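Notes for the one structure printed next.
The values are calculated or read from the model by the stated rules, or taken from the named source; none is laboratory data. On a predicted model such as this, the values are computed, not experimentally measured, just so you know. Glycine gets a Cβ as well: all are built from the backbone with ideal geometry, and neighbour counts include every protein chain shown. These area figures cover heavy atoms from the full protein model, side chains too; ligands, DNA and RNA do not enter into them. Shrake-Rupley method; radii C 1.70, N 1.55, O 1.52, S 1.80 Å.
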Amino acid sequence: GTGYHFTTKHCIENIFELSKLNKFQNVLDYGSGSGILGIAAKKLMPYSKITLIDKDNLAIKMTYLNLKKNNIKSNNNVFEVSSIKKKYIKRNFYNLILANILLPELKSLIKEFNYILGYNGVIIVSGILINQKNNLINLYRKFKIYPVKISEDEKWITIIFKKIK
């Protein structure tokens, strides 16, 4: 990704806003693609441990390349993930999850997100069309993960969710 698509732009704006208000120890960029969101998070929150994962081997290679271009050490925090390989979980709780992926994946991942997101943790999701918003919000609410901010741009939506006890 280049950072110019609405979904990416809104994610980065939300990371920036959240970085001024919160200290996120563990950040997960789920479906990292080129790594742009994880890189932005690391630049805005240098004290955070950033983990980047994607299921596409080419995307993982691009992530490593872009980390290097941005002078960010990979520190064994980039994983190709499959249903078998879930090293990134390692009984780890994340304070912030970034997921700029499409609705079917965002829906199928809710149980996993619920498992790895700590209480009061935040998820920024994007890649959702306006007419898909309520479907996703209603599903996440069942897991006590509630929307706190919604950004709209043309037909795209970005939602910040927070996990409540």
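Does the range 5-24 include one or more residues that are surrounded by 18 or more Cβ atoms within 10 Å (Cβ to Cβ), outside any helix (DSSP H, G or I) and at pLDDT 90 or above?
yes
Within the range 90-156, considering only strands (runs of 3 or more DSSP E) that don't extend past its boundaries, which have at least 1 residues that are surrounded by fewer than 17 Cβ atoms within 10 Å (Cβ to Cβ)?
117-129, 145-153
State all residues of the range 25-42 that are surrounded by fewer than 24 Cβ atoms within 10 Å (Cβ to Cβ) and part of a loop (DSSP other than H, G, I, E, B); if no residue qualifies, say none.
Across the range 25-42, the qualifying residues are GLN25, GLY31, GLY33, SER34.
In the range 67-88, how many residues are open to solvent by 50 Å² or more (accessible area, probe 1.4 Å), closer than 11 Å to LYS55 by Cβ and at pLDDT 65 or above?
Of the residues in that region, 1 qualify.
If I filter the range 89-106 down to residues being out of contact with any helix residue (DSSP H, G or I) (no Cβ under 8 Å at 6 or more places or on another chain) and at pLDDT below 90, which single residue comes out as farthest from PHE143 (Cα to Cα)?
LYS90
Restricting to the range 43-64, name every residue that is open to solvent by less than 20 Å² (accessible area, probe 1.4 Å) and of a type in the set (S, T, N, Q).
The answer is SER48, THR51, THR63.
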